[in-house]
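Shown next, in structure tokens, is the structure this report addresses.
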Amino acid sequence: MQLNGYISTLESRISLFIPLIIISIILAGILLNASKNSFVPCMQDCGETFYAEHSAANFNLYGSKYGLLEDNSTGPDIDRKPFLYTHNVNIGSLIFIAFQALGVSSLFAKQLVTLLAFGLGLFYIYRITHYITNQYLIGITALLLFASEITLVLAFGLNALRGWHWLGLFGLAFHVIRYVRECNPTYHDKLGIFLFSFISFCIGYEFLAFSGLVSLFIILFCSKKLIYGIQTLTWLIASVLIIFSLRQLQVIYVLGFEFWCLDLFYSATIKLTFMSNFFSIPPLSEIDNFYAIHNVSRPGSSPAPLSQVWLGIMHMLKDVTLPTAGLGSTISIFAGIIFSVSILCLRINPPILFNRQSSIKSDLNENYTKLASQFYIALLLGITFAMFLFGGLSISIYMKHEFPMLICLFLIPKSIFIIQSLTYFLDPSTTKKIKVIAAALVIFIIVDHVITQIENVRAIHPMSVGWIPTIQKNTSASYVISWTPMSIAAFTENWALGIKQGAELRILDRIKRNEYPFTFEDLITPDQQDTRVISDISSIRPDFWVYFPFDDRGDLHRDWPWLSAIYKFKSELKNDKNEEAFNNFSEAVIANPSLAIASQGKDYMIIDLRPIWSHLGKQ
């Protein structure tokens, strides 16, 4: 008995030690790569990290004047007109503001929290796959698959908002499934449900829908006893209501009850797929005017009919998601659905998942086969329903821009198939034919995974951040930037403005003709600036212009015939507009004798505009 106890303890420690080592190596690699990019790597997306750092800079400027609502205004005056964003919480902003309040201004220190959250999310991926299968090897395999998914997982490791995705989703799912399965649920699970509901909400309303609906289906499918299901559901709903109410009180405190009522109504009617069928709203121009009057940012969105949502999902699934995931992952998700439905509805135990005659006793016995299937169907249905609930928004965020979420539906069944196929291959009682099939399946999945990652990486156009150190050395200067102005405002103590895509060459042409370079039409959201700065366009005289090509990946439609050609090099699909745009801009700058280049990298340029203002002043 004592020996068995030692063995059990050793296995338990090994099952935790190995994933922690793997995660530590992953985080160290992400951090090492980020050190070359000012700790804001932009392989996929980094705008939300700039927004978080901008929020910290705003906190330095005016503290909690606007109740910690995100302010997109980029002027340095405490009495400036704000440009508030009320429609989602950015957990990165909250963390960065908290650090700023404690006197920690280092972006490196703030990003360490993001990295830690990302690592904990990976750990929860291991924990939940281990829990539902009772095989730590499947948990390790799932962890390795996520850790080697570069563009859809690792690329977001230091995104101050998206790096929290896996922690919010799988942290909540783990504590919910343990609560409904264990005979003695502890306060840790109640605390976990509240904490991870809070994290999910702070990622976004639509993300809370994903986490919440996945948890709801876990309660419906996985509850061992009805009473535990009811208790868990009650605690989950209470947690969400408390968190949701706190956010509403925050908006009411800053903008008033009347604004909150209309804001909530407009947002729900526009963003929820079915709401526009039951409620009528004013024209979008009138709604935009309402938000403009209150100095509130409303990102462009409109009601999406269910038919359009369906077509959008099918288009993105075929042309973006499945090609990015790869053929092996595509097969895995369909096989996972078929096997899970067979197990739950037809009470069939597919031999690839459960082998009654195996002389090697698999830990994935009949009970855990059923639990794994229940969890996977809950995950699938939760994500699917949430996609349709916030249709237009979800398609843009999780499919068009490929933010992390959907890949978990591919990788979890893939990890089970790998380990169970290996179990079959190593089983002495398995026939030679089955061994060959099992080995071929494992080899195919692994090779496909490797090739897919190589092609995804080759298709990436990382956004340059080489300009950040230059800005940090000259924080007293004012800037215009060929992108969102919040990115620059995060690092300068002066004002910043954005320039619309396509306006760059027009501006250079005016400079060449000795004309004033900017017009209101050239600028991004000029209404967010203090009226004393932009009431007269000629008063906008920035010291520097930071240029790099816009990130066009979001508009890339991948016409990849994945059924007729198993692999097509994604380098062929790379968008070369950025390189062409940079070359054209660079040639125009060099040819313009009025311009001086202050700093230049492979794909960015900082232009000193101060000589232009001196020249115009003499005219």
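Among all positions in region 135-154, there is no residue which is touching a Lys or Arg at 6+ places or on another chain (Cβ under 7 Å) and under 15 Å from LEU195 (Cα atoms). Summed over region 182-239, the residues that are within 30 Å of GLU70 (Cβ to Cβ), open to solvent by 20 Å² or more (accessible area, probe 1.4 Å), among the aromatic types (Phe, Trp, Tyr) and in contact with a helix residue (DSSP H, G or I) (Cβ under 6 Å, 6 or more places away or on another chain) give a count of 3. Looking at region 49-65, which of its residues are modelled with pLDDT under 90 and open to solvent by 30 Å² or more (accessible area, probe 1.4 Å)? Once the filter is applied, which keeps residues that are modelled with pLDDT under 90 and open to solvent by 30 Å² or more (accessible area, probe 1.4 Å), region 49-65 yields ASN60, LEU61, SER64, LYS65.
Within region 76-86, the residues that satisfy the criterion of being open to solvent by 10 Å² or more (accessible area, probe 1.4 Å) and touching a helix residue (DSSP H, G or I) at 6+ places or on another chain (Cβ under 6 Å) are ILE78, PHE83. Condition check for ILE407 on (1) aliphatic (A, V, I, L, M); (2) at pLDDT below 90; (3) in contact with a helix residue (DSSP H, G or I) (Cβ under 8 Å, 6 or more places away or on another chain); (4) open to solvent by less than 70 Å² (accessible area, probe 1.4 Å): one failure, at (2). Looking at region 460-469, can you tell me whether even one residue there is within 20 Å of the chain's Cα centre (by Cα), part of a loop (DSSP other than H, G, I, E, B), under 16 Å from THR74 (Cβ atoms) and not small (Gly, Ala, Ser)? Checked region 460-469: no residue is within 20 Å of the chain's Cα centre (by Cα), part of a loop (DSSP other than H, G, I, E, B), under 16 Å from THR74 (Cβ atoms) and not small (Gly, Ala, Ser). Could you tell me which numbered condition TYR567 fails, if it satisfies all but one of (1) under 30 Å from ASP288 (Cα atoms); (2) modelled with pLDDT under 75; (3) of a type in the set (Phe, Trp, Tyr); (4) open to solvent by 70 Å² or more (accessible area, probe 1.4 Å)? It fails just one condition, (1).
Looking at the structure I just gave you, is PHE385 open to solvent by 60 Å² or more (accessible area, probe 1.4 Å), more than 19 Å from ILE138 (Cβ to Cβ), among the aromatic types (Phe, Trp, Tyr) and at pLDDT 85 or above? Judged against the criteria, PHE385 is a match. Of the residues PRO517, PRO485, the single one that is more than 29 Å from the chain's Cα centre (by Cα) and either buried (at least 22 other Cβ atoms within 10 Å of the Cβ) or touching a residue at least 12 places away in the same chain (Cβ under 8 Å) (or both) is PRO517.
Against the condition within 20 Å of GLN420 (Cβ to Cβ) and open to solvent by less than 40 Å² (accessible area, probe 1.4 Å), how does SER297 come out, does it pass? Judged against the criteria, SER297 is not a match. Pairs are defined by a Cβ separation below 6 Å, a sequence spacing of at least 6 or placement on different chains, a first member in region 258-284 that is touching a residue at least 60 places away in the same chain (Cβ under 8 Å), and a second member that is exposed (fewer than 15 other Cβ atoms within 10 Å of the Cβ) and part of a helix (DSSP H, G or I); the pairs so defined are THR273/LEU306.
The values are calculated or read from the model by the stated rules, or taken from the named source; none is laboratory data. All of these numbers come straight from a predicted model, not from anything done at the bench. Because the Cβ atoms are built from the backbone with ideal geometry, glycine has one as well, and the counts that use them run over all protein chains shown. Just so you know, the surface numbers come from the protein's heavy atoms only, side chains and all, with ligands and any DNA or RNA stripped out. Shrake-Rupley method; radii C 1.70, N 1.55, O 1.52, S 1.80 Å.
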